[in-house]
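What follows draws every value from the coordinates through simple rules; no lab data is involved. From a predicted model like this one, the values you see are computed outputs, not experimental measurements. Neighbour counts run over all protein chains shown; Cβ positions are idealised from the backbone, glycine included.
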């Protein structure tokens, strides 16, 4: 009897938990599962911390940013403001610190994807990364 009551009491909590909204739900969900050999010359721009490059994948491409020797960040280039616009594309600025959507003027910090200039209020969609010292895995 106690087991039955536990299931009844936990069910609403599980429904609430499962319905939690993804903070970047306005960006289309696209499967991302890439392995990159970082010693490949094609990835020279990200051999040092602060380096970045564009790679294919995600909704509108991915910004790959090397945050430190052991950490990479991977952001979708799809702007989180008015994401249905065909113009919502984020590009890294010449300062190599921020990314800008030329259409709406939103700016994002490459170190964590956060908004530094509105109208966007949501950070860039970030993909997970793992790095073993030579192979980088980018995934969701």
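For each of 87, 104, count neighbouring Cβ atoms within 10 Å of the residue's Cβ, then give the residues from fewest to most.
Least to most surrounded, the residues fall as 87, 104.
Quick check on the exposure proxy: order 72, 131, 108 from fewest to most C-beta atoms within 10 angstrom.
Result, fewest neighbours first: 131, 72, 108.
Please give the direction-averaged projected area of the C-alpha convex hull for region 40-139, in square nanometres with one decimal.
Average projection, Cα convex hull of region 40-139: 5.9 nm².
At 0.36 nm per residue, minus the direct Cα-Cα distance, what do residue 128 and residue 114 gain on full extension? Give it in nm, one decimal, please.
3.5 nm
What's the center-to-center distance, using Cα atoms, between region 94-135 and region 57-88 in Å?
If you average the Cα positions of each part, the centres end up 6 Å apart.
Given R₀ = 25 Å, what would the calculated FRET efficiency be for residue 68 paired with residue 39, taking r from the Cβ atoms and rounding to 0.05?
So the FRET efficiency works out to roughly 0.90.
Over region 32-139, what is the relative contact order in whole percent, taking alpha-carbon pairs under 8 Å and six or more residues apart?
26 percent
What's the exposure ranking of 43, 127, 139, 35, going from fewest to most Cβ atoms within 10 Å?
So the ranking, lowest neighbour count to highest, is 35, 139, 43, 127.
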